[in-house]
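The values are calculated or read from the model by the stated rules, or taken from the named source; none is laboratory data. Computed from a predicted model, the values in this text were never measured in an experiment. Using ideal geometry, Cβ is built from the backbone for each residue, glycine included, and neighbour counts are taken over all protein chains shown.
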Amino acid sequence: MKSRTLTFLPEIERIIAKCSYCSLAMVDAANKPYVINMNFGYRDKTVYFHCAPTGKKIDILKNNPHVSVGFSCDHELRFQNSDVACSYSMKYRSVLGSGEVEFVTDTREKVDALDCIMRQYTESDYRYSDPAIENVCVFKVKLDTIEGRAYGY
């Protein structure tokens, strides 16, 4: 079974919509990789994130805004012969992309981004208090590159 590259954006976006988290990869000042899993929202080739306004990831992103993002879903163990270890593999669908982080400071845009994040997980509408908006860091990554892969599907 071969993996196939996916370039049709609606198919890629269906994969992203199924994911419960996004892996955010960055490189720190010592040129060491750092990857964390985060909740996210996605719209129009842009991934939105929220977090505390200070910390390791914020320090890294302010120093080097170039990042990669990864999504993966539909994992299913498969095998041809249960007694042969080398016949096992994992079916999956995944998406990889890259771009630069942009911090969102405008209140209206922050609310829009938070709504996008919430829509990844729920259909409800939400209101945010002024302190909640002021005390959260929101950033986005406009994807310069985006590519999907499917193996076993």
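I'm checking my understanding of the structure. Among residues of region 47-101 that are β-branched (Val, Ile, Thr) and part of a strand (DSSP E or B), which one is nearest to Asp112 (Cα to Cα)? Within region 47-101, the match that is nearest to Asp112 (Cα to Cα) is Val47.
In this structure, is Asp144 outside any strand (DSSP E or B) and of a type in the set (Asp, Glu)? Considered against the rule, which asks whether it is outside any strand (DSSP E or B) and of a type in the set (Asp, Glu), Asp144 comes out as no. Would you say Val138 is more than 30 Å from Ser3 (Cα to Cα), touching a Leu at 6+ places or on another chain (Cβ under 7 Å), at pLDDT 95 or above and outside any helix (DSSP H, G or I)? When the stated conditions are applied, Val138 passes them.
Of all residues in region 129-153, those that are surrounded by fewer than 16 Cβ atoms within 10 Å (Cβ to Cβ), in contact (Cβ under 8 Å) with a residue 60 or more places away in the chain and among the hydroxyl-bearing types (Ser, Thr, Tyr) total 1. From the residues in region 56-103 that are free of Cβ contacts under 8 Å to residues at least 40 places away in the same chain and β-branched (Val, Ile, Thr), which one is surrounded by the fewest Cβ atoms within 10 Å (Cβ to Cβ)? The residue in question is Val84.
Hey, any hits in region 109-123 for a residue that's part of a loop (DSSP other than H, G, I, E, B) and within 22 Å of Cys22 (Cα to Cα)? For region 109-123, residues part of a loop (DSSP other than H, G, I, E, B) and within 22 Å of Cys22 (Cα to Cα): present. Within region 23-46, the residues that satisfy the criterion of being under 14 Å from Ser72 (Cα atoms), in contact with a strand residue (DSSP E or B) (Cβ under 7 Å, 6 or more places away or on another chain) and not aliphatic (A, V, I, L, M) are Ser23, Asn37, Phe40.
Within region 118-128, restricting attention to residues that are farther than 30 Å from Leu77 by Cα and at pLDDT 95 or above, the residue that is surrounded by the most Cβ atoms within 10 Å (Cβ to Cβ) is Met118.
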